[in-house]
Amino acid sequence: MARFCMVEVPVQPTFSQLLRAFWRVGLLSFGGPAGQIALMHRELVDERRWVAEEEFLHALNFCHLLPGPEAQQLATWIGWRLHGLRGGLAAGLLFVIPGAVIMLGLSMLYVAATGLGWFAALFLGVKAAVLAIVVQALLRIAGRALDTRFKQGLAVAAFVALAMLALPFPLVVLGAGALGMLVAATRPHWLALKPGGAPAAGPRPWRSTISAAAVWATVWAAPMVLVAATLGTHHVLWDIGTFFSQLAVVTFGGAYAVLAYMAQEAVQGFGWLSAGEMADGLGLAETTPGPLIMVTQFVGYLAAFRSPAPFTPLVAGLLGAGLTTWVTFAPCFGWIFTFAPWIDRLAQATRLKGGLAAVTAAVVGVIANLTVWFAGHVLFPAFDTSVPGWGFDWRAGLLAVVAGVLVFGAKWGVIRVLAVCAAGGLILGSL
């Protein structure tokens, strides 16, 4: 009897089905990029069969080459693959909007409750939990990324450059990328690079690429032009827009990679918020669905709320949060719509993959620097100049140990750890 091998053909959903699916993904996308990518794989590859396994992995590798949150960009690519421009816009926006709305509400609540004793005690626990979560992220990324001695050396060099030499974060990331591209051409085994396949054949879509790049550069810049024309380039909204636009270009390696740089500039450079508030914002971002980089919205809200003229504080805060979200995520859509037609060629670009591998290794050192920064401000409050005293905060230390046990021993998820430590902060705050 003849046996036939059935090739599974991806299902083509309707646009309304796509909207419903990505609305669900947007609401349930907790757990950072790993959890979000796993959720999309289960929903869209395993259950609905809208995207083939090989295609999904190919696109994921492509998104790793781009700055910005890879899970959101993967969602945008899947939408583009299924329904073109409108599908990409719908999928990418639905991945972001639920978390953005929740984060905005939490930011408003945070400002309203600041100064209350119970609220400070609650966030003492949140900050301690965040410290354990950052350490977990450091170890997880290090275990995956540092598989050669050269990569380990890059991580150490990045830590020294940031923590001891105080070099700018963009310089460290771009320098690592340039070095990785050079090494990929001469010593690819130092970066554990696999041989690339043959370049994809076919016409090169230059016209669509240039058109998409021009359109999305205009979309990205439009609110900044409006701010400059109406409020001038010395207004806080201009500072917010330019800073987070620059951040969007160098956000390789996930949100943890840029948090220390963002905190340093937002706290010490611009004076928008304190180091403790920065840690609070990360705790809030950990509790919301969507990309962790949504913490930028919290920073933008506080920055504009505290320098509101000529608006009321609430209106200024809303404008600051909206502008921050716009300049953070508009580039993500731009990267996908500009480079998606080149996905097969980019996936075979050995030098580009080498640059990314080197940046990922350097990011381990960057996150190590972030861990030291958070530990200092959480456990020794005088690292934050708004808090008097130089002593060790035993309450924060105790809660950090509890968080560590729950994260590494009990293997609890982020939400449960944050809830337990927040409750522990309330209890210790009442003593």
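Structure notes:
- Whole-angstrom gap from the range 304-376 to the range 12-62, using each part's C-alpha centre: 21 Å
- Per principal axis, descending, Cα span of the range 77-136 in whole Å: 51, 30, 8
- With both labels modelled 7 Å from their Cα along Cα-to-Cβ, the Arg187 to Ala34 distance reads 3.0 nm.
- Counting only heavy atoms of the protein chains and using a 1.4 Å probe, Lys411 has close to 150 Å² of accessible surface.
- Per residue, in Å², the accessible surface of the range 24-69 once ligands and nucleic acids are set aside, probe 1.4 Å: 43 Å²
- Taking every alpha-carbon pair under 8 Å whose residues sit at least 6 apart, the chain reaches a relative contact order of 29 percent.
- Taking all protein chains into account, the per residue accessible area for the range 166-311 stands at 44 Å² (1.4 Å probe).
- The Thr218 and Ala410 beta-carbon pair, evaluated with R₀ = 41 Å, returns a calculated FRET efficiency of approximately 0.25.
- Isotropically averaged projected area of the range 292-336, using the convex hull of Cα atoms (one quarter of hull area), nm²: 3.1 nm²
- Sorting Arg395, Arg207, Arg42 by solvent-accessible area of protein heavy atoms yields Arg207, Arg42, Arg395, largest first, with a 1.4 Å probe.
- The helix-only estimate of mean residue ellipticity at 222 nm for the chain, built from DSSP H runs of length n ≥ 4 each weighted as -39500 (n - 2.57), is -23500 deg cm²/dmol after division by the residue total.
- Of interest is the spacing of the C-alpha centroids, which for the range 110-188 and the range 206-229 amounts to 31 Å.
- For the chain, with +1 on Lys and Arg beta carbons and -1 on Asp and Glu, the positive-most of Gly283, Thr325, Trp80 along the dipole: Trp80
- Surface share of carbon and sulfur [accessible, 1.4 angstrom probe, percent] for the chain: 68 percent
- Translational diffusion coefficient (Stokes-Einstein; Kirkwood radius from C-alpha pairs) of the chain at 20 °C, 1.002 mPa s, in µm²/s: 95 µm²/s
- Tensor-based shape of the range 187-320 (alpha-carbon gyration tensor, a/c under 1.5 rounded, otherwise prolate or oblate): oblate
- Averaging 1/r across all pairs of distinct Cα atoms in the range 108-148 and inverting the result yields a Kirkwood radius of 12.3 Å.
- Solvent exposure ordering (accessible area, 1.4 Å, most first) of Asp46, Asp393: Asp46, Asp393
- Membrane-span-like helices in the chain, defined purely by DSSP H runs whose alpha carbon atoms cover 27 Å or more axially and whose average Kyte-Doolittle hydropathy reaches -1.0, are 70-113, 117-145, 206-230, 313-339, 350-379.
- Length gained on full extension, Asn61 to Ala419, computed as 0.36 nm times the residue gap minus the Cα-Cα distance: 125.5 nm.
- These residues, Trp23, Trp373, go from largest to smallest accessible area, 1.4 Å probe, as Trp23, Trp373.
- For the range 320-372, a Kirkwood hydrodynamic radius built from all Cα pairs, placed in the Stokes-Einstein relation at 25 °C and 0.890 mPa s, yields a translational diffusion coefficient of 179 µm²/s.
- Just so you know, the Rg over Rh for the range 1-134 is 1.13, from Cα atoms, with Rh as the Kirkwood radius.
- For the pair Val401 and Leu27 in one chain, pulling the backbone fully straight at 0.36 nm per residue adds 131.5 nm over the alpha carbon distance.
- Cα-centre dipole for the chain with unit charges at Cβ (Lys and Arg positive, Asp and Glu negative), debye to 20: 860 debye
- Segment Lys194-Ser211, extension gain: residue separation times 0.36 nm, minus the distance between their alpha carbons: 2.8 nm
- Spin-label model, Thr242 to Leu165: label points 7 Å out along the Cα-to-beta-carbon direction sit 2.7 nm apart.
The values are calculated or read from the model by the stated rules, or taken from the named source; none is laboratory data. What you are looking at is a predicted structure, and each value in this text was computed from that prediction instead of being measured. Cβ sites come from the backbone with ideal geometry, for glycine too, and all protein chains shown count toward neighbours. Just so you know, the surface numbers come from the protein's heavy atoms only, side chains and all, with ligands and any DNA or RNA stripped out. Shrake-Rupley method; radii C 1.70, N 1.55, O 1.52, S 1.80 Å.
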